[in-house]
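What follows is one structure encoded as structure tokens, with my remarks underneath.
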Amino acid sequence: LAKTTQPISMDSYEGQEVNITCSHNNIATNDYITWYQQFPSQGPRFIIQGYKTKVTNEVASLFIPADRKSSTLSLPRVSLSDTAVYYCLVGPSGGYNKLIFGAGTRLAVHP
Amino acid sequence: EAGVTQFPSHSVIEKGQTVTLRCDPISGHDNLYWYRRVMGKEIKFLLHFVKESKQDESGMPNNRFLAERTGGTYSTLKVQPAELEDSGVYFCASSQAGQVRDTEAFFGQGTRLTVV
């Protein structure tokens, strides 16, 4: 399964746009790129998933270049409540959600 | 609609005792997963059920762990006997089967297990 690399931590201020980039050089043809968010004392929560180009939903945008070796999660106008750990994952393996979690990126949003 | 629920939310047991964790997936979700995070480590996959059958149990650490999903609804994860290194947060997740790939996984809030 593809390994991902992302920043350990990031800091931002309320109202700013935050971009978190993830590297996945060994992504397989059938792999999708998925981002999860986790708050303390809660389970991970699905944010967005994409295969190529750009995907946007009510929460975030996901940018994937043509070679798919990296992806960028974009959070528009973050608020304090966006402080969380963000995980970039590739898969699901074989169509299932056997997810390989890395350390994630700890985002701290400041007033 | 209710999400994935796990019980108990916390459990403190002594080394050598038995603990059973329960997970109720979202209704209609055939796929059920167990994950865990031990102290300071990353979230790791334990196993995957499709309905009542074990699809993949490659992440189960040893034979002290037994997972069941009788009837294809809720699942239990039993640790017997518990050891200190079993302490951590155990997450359950469920997803709906798709034709090509399954929907995203929905996670429960986890059970924090402390073995003393």
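The values are calculated or read from the model by the stated rules, or taken from the named source; none is laboratory data. Since the structure is predicted, the reported quantities are computational estimates derived from the model, not experimental observations. All Cβ positions, even for glycine, are placed from backbone atoms using ideal geometry, and neighbour counts span all protein chains on display.
Scanning the stretch B:9-38 for residues that are among the hydrophobic types (A, V, I, L, M, F, W, C) and within 14 Å of chain A (Cβ to nearest Cβ) yields B:21, B:23, B:26, B:32, B:34, B:38.
When residue B:41 is tested against (1) among the charged types (D, E, K, R); (2) surrounded by fewer than 16 Cβ atoms within 10 Å (Cβ to Cβ); (3) in a strand (DSSP E or B); (4) within 11 Å of chain A (Cβ to nearest Cβ), exactly one condition is not met: (3). For the stretch B:60-95, the tally of residues that are more than 14 Å from chain A (Cβ to nearest Cβ) and part of a loop (DSSP other than H, G, I, E, B) stands at 12. Of the residues that make up the stretch A:16-28, is at least one β-branched (Val, Ile, Thr), in contact (Cβ under 8 Å) with a residue 12 or more places away in the chain and assigned to a loop (DSSP other than H, G, I, E, B)? Checking the stretch A:16-28: at least one residue is β-branched (Val, Ile, Thr), in contact (Cβ under 8 Å) with a residue 12 or more places away in the chain and assigned to a loop (DSSP other than H, G, I, E, B). Residue count for the stretch A:53-82 satisfying the condition of being surrounded by 15 or more Cβ atoms within 10 Å (Cβ to Cβ) and part of a loop (DSSP other than H, G, I, E, B): 4. Looking at the structure I just gave you, is residue B:98 more than 14 Å from chain A (Cβ to nearest Cβ), at pLDDT below 95, farther than 21 Å from residue B:9 by Cβ and more than 13 Å from the chain's Cα centre (by Cα)? Considered against the rule, which asks whether it is more than 14 Å from chain A (Cβ to nearest Cβ), at pLDDT below 95, farther than 21 Å from residue B:9 by Cβ and more than 13 Å from the chain's Cα centre (by Cα), residue B:98 comes out as no. Any residue at all in the stretch B:32-46 that is among the charged types (D, E, K, R), over 21 Å from residue A:89 (Cα atoms) and modelled with pLDDT of 95 or more? Scanning the stretch B:32-46, I find no residue that is among the charged types (D, E, K, R), over 21 Å from residue A:89 (Cα atoms) and modelled with pLDDT of 95 or more, so the answer is no. Taking the stretch A:22-38 on its own, how many of its residues are within 14 Å of the chain's Cα centre (by Cα) and surrounded by fewer than 16 Cβ atoms within 10 Å (Cβ to Cβ)? The number of residues fulfilling the criteria is 1.
Of all the residues that make up the stretch A:73-86, how many are in contact (Cβ under 8 Å) with a residue 60 or more places away in the chain and under 15 Å from the mean Cα position of the chain (by Cα)? Qualifying residue count, the stretch A:73-86: 3. Filtered by the rule that a residue be more than 10 Å from chain B (Cβ to nearest Cβ) and of a type in the set (Phe, Trp, Tyr), the stretch A:52-93 gives A:63, A:86. Taking residue A:42 as the residue in question, decide whether it is surrounded by fewer than 18 Cβ atoms within 10 Å (Cβ to Cβ) and either without any contact (Cβ under 8 Å) to a residue 60 or more places away in the chain or assigned to a strand (DSSP E or B) (or both). Judged against the criteria, residue A:42 is a match. Note on the stretch A:21-51: among residues that are hydroxyl-bearing (Ser, Thr, Tyr) and within 11 Å of chain B (Cβ to nearest Cβ), the one that is farthest from residue A:98 (Cα to Cα) is A:41. Note on the stretch B:101-116: among residues that are under 21 Å from residue B:25 (Cβ atoms) and among the β-branched types (Val, Ile, Thr), the one that is nearest to the other protein chains (Cβ to nearest Cβ) is B:103.
Within the stretch A:21-56, can you find the residues that are closer than 27 Å to residue B:90 by Cα and polar (S, T, N, Q)? Of everything in the stretch A:21-56, those that are closer than 27 Å to residue B:90 by Cα and polar (S, T, N, Q) turn out to be A:34, A:37, A:38, A:41, A:42, A:49.
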